[in-house]
Amino acid sequence: MMAFGIPGDAVTAVMLGALIIHGIQPGPLFATTHSQIAYGMFVAYFLAHFLTVAVEWLGLKLFLRVILVPQRVLIPVILVLCGIGAFALNNIVANVWTFLIFGVIGYGMIKGGVPLAPMVLGVVLGDQLEVNLIRALMTDANLWLFVSRPISGLMLAGAVASVAWALYRRRRSAAAAPAEVEVEF
């Protein structure tokens with residue numbers, strides 16, 4: 001994430017978003033232009049491992065009691081705290097509405113079986129994608145530019161192949177599932 005500016009999962013996508021909000025651009029020059037932050041993050045990760053083990057070991061019995069709290073109590077408390085955090089970010093009520101709208105969208109995505117990580121990546125990387133697309137189109141307005149150049153063509157072909165492979169595997173597993181259920185006597 002620090003070297004390329006591309007998050008590997010939802011957690012690093014949130015971290016990338018936090019860095020961008022603070023005006024820090026992760027990428028190949030991150031370690032040289034923001035060396036104090038980069039090395040500070042390395043040290044923080046290293047220390048966090050030991051602190052996490054210590055806190056979990058000391059508080060495990062207390063943490064396990066959270067599962068005894070009924071969901072009808074726990075969920076409203078979490079939602080209220082998230083709403084307070086959204087408002088406290090900039091003291092704007094619109095942030096709370098944005099939180100609620102995207103919460104409903106996320107809930108719908110979970111119920112529909114749609115993974116959340118691509119949406120988080122899209123939100124975090126969307127503005128960078130737009131800026132770089134505009135830069136590319138400023139050099140040449142021809143959209144075949146993305147296919148005709150070897151590196152971008154290979155990247156697009158890899159993306160298409162990845163989606164095609166995922167669809168193929170899903171169809172193959174769906175077709176094989178009913179065959180496994182049959183039992184002969």
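The values are calculated or read from the model by the stated rules, or taken from the named source; none is laboratory data. Because the structure is a prediction, the values reported are computed rather than measured. Cβ coordinates were reconstructed from backbone atoms using ideal geometry, including for glycine residues, and neighbour counts include every protein chain displayed.
Conditions tested, residue by residue: (1) in the same structural domain as Val11 (by TED's automatic domain parsing); (2) within 24 Å of Gly8 (Cβ to Cβ).
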| site | (1), (2) |
| --- | --- |
| Gly59 | yes, no |
| Leu89 | no, no |
| Val93 | no, no |
| Ile110 | no, yes |
| Val124 | no, yes |
>> Scan the range 40-56 and tell me whether some residue there is part of a loop (DSSP other than H, G, I, E, B), at pLDDT 85 or above and of a type in the set (Val, Ile, Thr).
In response: no
> Going by the conditions given, is Leu167 hydrophobic (A, V, I, L, M, F, W, C), under 25 Å from Ile21 (Cβ atoms) and without any contact (Cβ under 8 Å) to a residue 60 or more places away in the chain?
Replying inline: no
> What pairs can you find where one residue is in the range 20-38 and free of Cβ contacts under 8 Å to residues at least 12 places away in the same chain, the other is surrounded by 12 or more Cβ atoms within 10 Å (Cβ to Cβ) and of a type outside the set (Phe, Trp, Tyr), and their Cβ atoms are less than 8 Å apart, with a gap of 6+ or different chains?
Replying inline: His34/Ile24
> Residues in the range 59-69: is at least one surrounded by 12 or more Cβ atoms within 10 Å (Cβ to Cβ), assigned to a helix (DSSP H, G or I) and at pLDDT 80 or above?
Replying inline: no
> From Thr98, Thr33, which residue is under 22 Å from the mean Cα position of the chain (by Cα) and surrounded by 11 or more Cβ atoms within 10 Å (Cβ to Cβ)?
Replying inline: Thr98
>> Testing Leu121 on (1) exposed (fewer than 12 other Cβ atoms within 10 Å of the Cβ); (2) in contact (Cβ under 8 Å) with a residue 12 or more places away in the chain; (3) not acidic (Asp, Glu), one condition comes back false. Which one is that?
In response: (1)
>> Filter the range 10-39 down to the residues that are out of contact with any Pro (no Cβ under 9 Å at 6 or more places or on another chain), assigned to a helix (DSSP H, G or I) and under 17 Å from Val131 (Cα atoms) and list them by number.
In response: Ile21
> Taking Val77 and the conditions (1) aliphatic (A, V, I, L, M); (2) surrounded by fewer than 10 Cβ atoms within 10 Å (Cβ to Cβ); (3) under 22 Å from Phe102 (Cβ atoms), which numbered condition does it fall short on, given that it satisfies the others?
Replying inline: (2)
